[in-house]
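The next block holds one structure in the form of structure tokens; read it before the comments.
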Amino acid sequence: MRYLYLVLTVLLILGISNLFANDVQNVYLDLENLSDLSEKVAEVNDFSFSRDIANFHLQNGKMYFLSQVNDKSIAAVFKGDGTINITPPTKISRERLYSEFQVNSYDSSFDFLFMVFTDSTFDEFSKKIEFNNDTLYPTIQKDIDYCKRYLFDHKDKDYNPYLLQTLLNDEQNGYFYAHLSTAKKRDKPFFFEFNPNATEEISLAVRSERETMFDHYYKRICMFHRQEDYLSGEDLSYENKDEIYVDKYIIDATITKRMEFSANCFLKFHGLKNSGKWIGLMLFKKLRINSIISENGDSLNFFKEDESSILWIELSEKLIKDESYKISINYDGDLIYQGGNVVKIRSFDFWYPQYLTYGLKHFDITFHYPSSYDLISVGKNVSEKKLKKVKTARWVTKYPVNFAPFNMGKFKNEEFSNASIPTLSLHLDKNLKKAKADVANSIAFYQTVYGKCNFDTLTVAEIPRFLSGEAYPGLINFYSDDFITNAVYKVYLDININKTDFVQLRAHEVAHQWWGCGVGIRTYHDMWLFEGLAEFSSIWFIQTSLKDTPKYFEFLSKWRTKIIDEHHLNRNKKNTDCPLWLGTRAPFHIYYSKGAWIFHMLRNLMMDLKTYDESSFKAMMQDFYKTYKNSTATTEDFKKILEKHMKTDMTWFFDQWIYGNEIPKFEFDYDVVKKDDGKYYAKFNIVQKNVSENFKSYIPIEIDLGNNQKARFRTLIEGSGKVFEIPLPQKPKKIHFNILNSVLCED
């Protein structure tokens with residue numbers, strides 16, 4: 001908090017205290033100085049209380065209320081013998097708990113309990129426990145100080161935003177946080193949090209393994225809804241807890257020849273629920289706020305801690321549902337790095353203040369920048385003019401989008417027009433011709449299998465970020481050397497990257513114009529619909545348009561190896577795999593690679609095996625895109641579209657592959673005999689291992705009869721396997737099992 005004291009001193013000297021809100025400063029200081037109180041100590045024996053599914057039992061010891069925060073008692077500690085019991089309500093959550101502790105229900109003892117709350121805890125404890133003056137436990141403050149470190153997010157350089165906003169708005173909303181540990185494992189605490197403002201209100205966490213002695217991060221084990229939500233029977237695939245919805249951004253940004261950045265951001269938003277005055281926005285940590293003005297011209301209080309990513313704003317009045325608001329934010333800071341002709345934007349996503357949500361917004365952005373550079377952004381460049389050495393360009397989005405980045409540099413520029421695809425605006429330094437061909441070809445392919453691209457113009461630019469690619473609505477950024485086409489590159493960690501890998505990287509980012517930009521996702525759970533589908537699309541393009549089927553299966557094999565290796569590692573550790581539904585809480589190759597495998601399996605499941613016709617799969621994907629274009633979709637939304645085209649209930653598939661984490665292993669054997677009737681029969685024995693009894697696999701089998709005659713069929717394997725027999729027109733040359741790698745499985 002050394003920055004805070006400096007800010008306070010400077011403000012007193014300058015006499016501009018209205019720039020920062022004393023409310024926030026006081027809350028910061030109060031949280032920083034949380035300490036035990038000798039006049040608020042109680043002997044506790046056989047006392048129990050519950051917070052949703054968490055049941056606490058304090059057997060014997062002392063409880064201390066801590067100093068107040070914003071004139072309220074919001075924290076207490078218990079030193080003594082206690083136990084906690086938690087049984088997660090969902091199968092996935094129980095599996096995640098088992099992965100961490102090898103138990104399905106968390107029953108543990110503790111000797112120290114640190115609690116922070118904005119619910120009825122203070123009143124409940126005060127009524128049931130008698131607090132008096134008493135001698136303080138000698139080391140209690142040391143333990144409190146250690147617990148306080150976890151309240152502060154060392155990445156965003158701010159306190160828990162849900163807690164802070166509740167305190168600023170003086171709400172009693174049910175928030176409860178518990179930090180538990182034992183003397184022997186004080187550095188390995190367990191965390192329980194009930195946050196009514198979160199989409200998934202309950203979270204269980206442990207200390208992250210990536211910590212150093214100076215850092216204190218959580219590793220979320222489980223996140224799930226409160227008990228009453230599950231009992232209600234309501235659809236919980238998407239529950240919007242946002243307080244505001246930003247309808248439009250109007251931004252005027254200036255970049256000087258020395259790459260100094262400043263901007264004025266006008267936000268038009270409306271309330272989604274009744275709430276307090278304080279709202280939080282995300283903004284790149286190196287950017288500073290100069291002023292925030294309301295619609296009627298009043299200066300608004302705000303606070304942004306130095307190096308923090310969170311901007312707190314106090315509105316003129318309390319937030320009212322469906323009421324419209326307009327504010328103007330003036331800011332500047334160290335956003336852009338320049339080295340020679342290289343220009344690096346330090347934050348593509350948070351260069352403007354934004355309410356962090358998956359919702360889509362409209363943007364109207366004007367840039368003033370040195371005319372010797374090129375600048376591109378999302379939407380359409382509706383006007384551009386040059387005055388002396390300054391260029392002014394205005395970019396406007398036709399459809400609402402999720403993010404609005406910009407890129408800048410000295411590029412070789414080219415416009416490419418073809419009536420069948422969007423206009424390509426290329427801003428690259430190397431291999432512009434190759435980039436144009438790859439992007440144009442992948443767009444053409446995706447339009448045939450998914451539908452017309454949502455954007456009239458697709459801008460492609462390079463970024464100085466090694467082997468990186470990023471996609472935004474109508475804008476794709478690539479690392480420049482992605483376009484180098486020599487045969488093989490040896491890069492760090494002994495990874496071989498060849499020219500087809502670069503094609504795949506480019507095709508992946510182009511695919512995001514359909515999946516992620518054209519159709520957005522609702523929650524982090526749906527990330528496989530974003531990244532997994534882009535991965536699959538890229539290799540589908542390679543197989544179909546580039547006519548390289550071996551490469552298609554090579555990518556699948558590479559991804560399968562990652563998935564199976566982790567599967568074996570987890571099994572050896574008695575852990576369970578992360579299901580796809582965990583989204584960004586799972587390892588990235590799960591929602592990328594396994595997500596791609598899901599679409600490969602569906603493609604093969606919907607394919608006509610006699611003709612290899614895949615028009616059903618294409619029709620399903622086109623329907624999904626058309627239905628949710630310019631909107632967002634959930635996993636359950638995709639399931640509905642799939643079931644519509646499959647004309648059957650696909651719950652089994654989603655339970656196994658999206659919400660589940662099992663991977664089968666097959667043993668396949670067959671015998672061909674000629675019976676007394678003179679006909680040949682094939683007897684199959686298929687064993688399915690390492691999965692539950694209701695696990696289903698539709699396995700395609702190909703019978704090679706010779707003379708270019710082949711028969712193909714699917715058979716359903718359920719549980720441990722099956723034995724069956726079929727007649728054959730003649731003796732086969734060979735029989736192939738699980739053709740086209742149609743089901744992800746172990747060797």
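Pick out the one residue from GLY276, GLY333 that is closer than 30 Å to PRO370 by Cα and of a type outside the set (S, T, N, Q). Walk me through it before giving the result.
On the way: GLY276 fails: closer than 30 Å to PRO370 by Cα.
On inspection, the qualifying residue turns out to be GLY333.
Which of the residues that make up the range 458-474 are among the hydroxyl-bearing types (Ser, Thr, Tyr) and buried (at least 18 other Cβ atoms within 10 Å of the Cβ)? Let's see the steps before the verdict.
First pass over the range 458-474, keeping only residues among the hydroxyl-bearing types (Ser, Thr, Tyr): 459, 468, 472.
Answer for the range 458-474, where residues must be among the hydroxyl-bearing types (Ser, Thr, Tyr) and buried (at least 18 other Cβ atoms within 10 Å of the Cβ): THR459, TYR472.
Does VAL687 satisfy being under 27 Å from LYS574 (Cβ atoms), aliphatic (A, V, I, L, M) and not in a strand (DSSP E or B)?
No.
In the range 548-567, which residues are assigned to a helix (DSSP H, G or I) and charged (D, E, K, R)? Even if it seems obvious, please write down each step before you answer.
So the first thing to find is which residues in the range 548-567 are assigned to a helix (DSSP H, G or I), and the list is 549-567.
Correct list: LYS551, GLU554, LYS558, ARG560, LYS562, ASP565, GLU566.
Looking at ALA419, ALA404, ALA393 in this structure, which one is under 16 Å from ASP252 (Cβ atoms) and without any contact (Cβ under 8 Å) to a residue 60 or more places away in the chain?
Step by step, each of ALA419, ALA404, ALA393 is checked, and only ALA393 is under 16 Å from ASP252 (Cβ atoms) and without any contact (Cβ under 8 Å) to a residue 60 or more places away in the chain.
Any chance the range 214-232 includes a residue that's closer than 29 Å to PRO400 by Cα and surrounded by 20 or more Cβ atoms within 10 Å (Cβ to Cβ)? Steps first, please.
If we filter the range 214-232 for residues that are closer than 29 Å to PRO400 by Cα, which is where we start, we get none.
No, that holds for no residue.
Condition (residue is in a loop (DSSP other than H, G, I, E, B) and touching a helix residue (DSSP H, G or I) at 6+ places or on another chain (Cβ under 6 Å)) applied to the range 237-246: is it met by at least one residue? Write out each step before concluding.
Start the filter on the range 237-246 by keeping residues that are in a loop (DSSP other than H, G, I, E, B), which leaves 237-243.
From what is left, the residues that are touching a helix residue (DSSP H, G or I) at 6+ places or on another chain (Cβ under 6 Å) are 237.
Yes, there is a match, as at least one residue in the range 237-246 is in a loop (DSSP other than H, G, I, E, B) and touching a helix residue (DSSP H, G or I) at 6+ places or on another chain (Cβ under 6 Å).
Which ones in the range 142-199 are among the polar types (S, T, N, Q) and crowded, with 17+ Cβ neighbours inside 10 Å?
Residues satisfying the conditions are ASN160, GLN165, THR166, ASN169, SER181, ASN195, ASN197, THR199.
Identify, from the list ALA198, ALA183, the residue that is closer than 29 Å to THR635 by Cα, of a type in the set (Gly, Ala, Ser) and either in contact with a Pro (Cβ under 9 Å, 6 or more places away or on another chain) or in a loop (DSSP other than H, G, I, E, B) (or both).
After applying the criteria, what remains is ALA198.
Mind listing whichever residues of the range 399-436 are at negative phi and in a loop (DSSP other than H, G, I, E, B)?
TYR399, PRO400, ASN402, PHE403, ALA404, PRO405, LYS410, PHE411, ALA419, SER420, ASP429, LYS430
What about SER73, is it free of Cβ contacts under 8 Å to residues at least 40 places away in the same chain, surrounded by fewer than 19 Cβ atoms within 10 Å (Cβ to Cβ) and either among the hydrophobic types (A, V, I, L, M, F, W, C) or within 30 Å of GLN25 (Cα to Cα) (or both)?
Judged against the criteria, SER73 is not a match.
Can you go through ASP36, ASP111, ASP81 and tell me which one is more than 22 Å from GLU201 (Cα to Cα) and surrounded by fewer than 16 Cβ atoms within 10 Å (Cβ to Cβ)?
Only one candidate passes the filter, namely ASP81.
Can you find even one residue in the range 323-344 that is farther than 25 Å from LEU167 by Cα, in contact with a Pro (Cβ under 9 Å, 6 or more places away or on another chain) and either in a loop (DSSP other than H, G, I, E, B) or of a type in the set (Gly, Ala, Ser) (or both)?
Looking for residues that are farther than 25 Å from LEU167 by Cα, in contact with a Pro (Cβ under 9 Å, 6 or more places away or on another chain) and either in a loop (DSSP other than H, G, I, E, B) or of a type in the set (Gly, Ala, Ser) (or both), one finds at least one in the range 323-344, hence yes.
Can you tell me which residue within the range 121-138, out of those that are modelled with pLDDT of 90 or more and among the β-branched types (Val, Ile, Thr), is surrounded by the fewest Cβ atoms within 10 Å (Cβ to Cβ)?
The selected residue is ILE129.
Please determine, by comparing only the residues of the range 620-637 that are in contact with a helix residue (DSSP H, G or I) (Cβ under 6 Å, 6 or more places away or on another chain) and in a helix (DSSP H, G or I), which one is nearest to ILE739 (Cα to Cα).
MET620
Kindly indicate the residue of the range 505-537 that is surrounded by 24 or more Cβ atoms within 10 Å (Cβ to Cβ) and polar (S, T, N, Q) and also nearest to GLU239 (Cα to Cα) among those meeting that condition.
GLN513
Checking PHE653 against (1) on the phi > 0 side of the Ramachandran plot; (2) assigned to a helix (DSSP H, G or I), which single condition isn't satisfied?
(1)
Could you please find all residues in the range 285-311 being farther than 14 Å from ASN330 by Cα and among the hydrophobic types (A, V, I, L, M, F, W, C)?
Correct list: ILE310 only.
Does SER126 fit the bill of being touching an Asp or Glu at 6+ places or on another chain (Cβ under 8 Å) and either assigned by TED's automatic domain parsing to the domain that holds ASN85 or closer than 25 Å to PRO88 by Cβ (or both)?
No.
Can you tell me which residues in the range 59-70 are touching a Gly at 6+ places or on another chain (Cβ under 7 Å) and surrounded by fewer than 16 Cβ atoms within 10 Å (Cβ to Cβ)?
Selection gives GLN59, ASN60.
How about the range 155-169: which of its residues are closer than 15 Å to LEU31 by Cα and outside any strand (DSSP E or B)?
Across the range 155-169, the qualifying residues are LYS157, ASN160, PRO161, TYR162, LEU163, LEU164, GLN165, THR166, LEU167, LEU168.
Scan the range 336-350 and tell me whether some residue there is among the hydroxyl-bearing types (Ser, Thr, Tyr), surrounded by 19 or more Cβ atoms within 10 Å (Cβ to Cβ) and more than 25 Å from the chain's Cα centre (by Cα).
For the range 336-350, residues among the hydroxyl-bearing types (Ser, Thr, Tyr), surrounded by 19 or more Cβ atoms within 10 Å (Cβ to Cβ) and more than 25 Å from the chain's Cα centre (by Cα): absent.
If you go through the range 574-619 one residue at a time, how many are surrounded by fewer than 15 Cβ atoms within 10 Å (Cβ to Cβ), at positive phi and outside any loop (DSSP other than H, G, I, E, B)?
Selection size over the range 574-619: 0.
Is it true that some residue in the range 671-684 is in contact with a Lys or Arg (Cβ under 9 Å, 6 or more places away or on another chain), among the basic types (Lys, Arg) and in a strand (DSSP E or B)?
yes
Quick grid of which residues meet (1) touching a strand residue (DSSP E or B) at 6+ places or on another chain (Cβ under 8 Å); (2) surrounded by fewer than 21 Cβ atoms within 10 Å (Cβ to Cβ); (3) not assigned by TED's automatic domain parsing to the domain that holds ALA393:
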| residue | (1), (2), (3) |
| --- | --- |
| GLU415 | yes, yes, yes |
| SER420 | no, yes, yes |
| HIS427 | yes, no, yes |
| ASP438 | no, no, yes |
| ILE443 | yes, no, yes |
| TYR446 | no, no, yes |
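Does the range 209-219 include one or more residues that are among the hydrophobic types (A, V, I, L, M, F, W, C), over 25 Å from ARG346 (Cα atoms) and not assigned by TED's automatic domain parsing to the domain that holds HIS525?
yes
Here is a list of conditions, (1) under 21 Å from GLU667 (Cα atoms); (2) part of a strand (DSSP E or B), and VAL743 meets all of them except one; can you say which number that is?
With respect to (1) under 21 Å from GLU667 (Cα atoms); (2) part of a strand (DSSP E or B), VAL743 is out only on (2).
State which residue is farthest from the chain's Cα centre (by Cα) when the search covers only the range 437-469 and only residues that are at pLDDT below 85 and assigned to a strand (DSSP E or B).
Within the range 437-469, the match that is farthest from the chain's Cα centre (by Cα) is GLU462.
Considering every residue within the range 245-260, establish whether at least one is closer than 18 Å to LEU356 by Cβ, aromatic (Phe, Trp, Tyr), touching a residue at least 12 places away in the same chain (Cβ under 8 Å) and surrounded by fewer than 20 Cβ atoms within 10 Å (Cβ to Cβ).
Within the range 245-260 (the criterion being closer than 18 Å to LEU356 by Cβ, aromatic (Phe, Trp, Tyr), touching a residue at least 12 places away in the same chain (Cβ under 8 Å) and surrounded by fewer than 20 Cβ atoms within 10 Å (Cβ to Cβ)), the answer is yes, since at least one residue qualifies.
The values are calculated or read from the model by the stated rules, or taken from the named source; none is laboratory data. If you're wondering where the values come from, they're calculated on a predicted model, not measured in any experiment. Note that each Cβ is placed from the backbone with ideal geometry, even for glycine, and that neighbours are counted across all protein chains shown.
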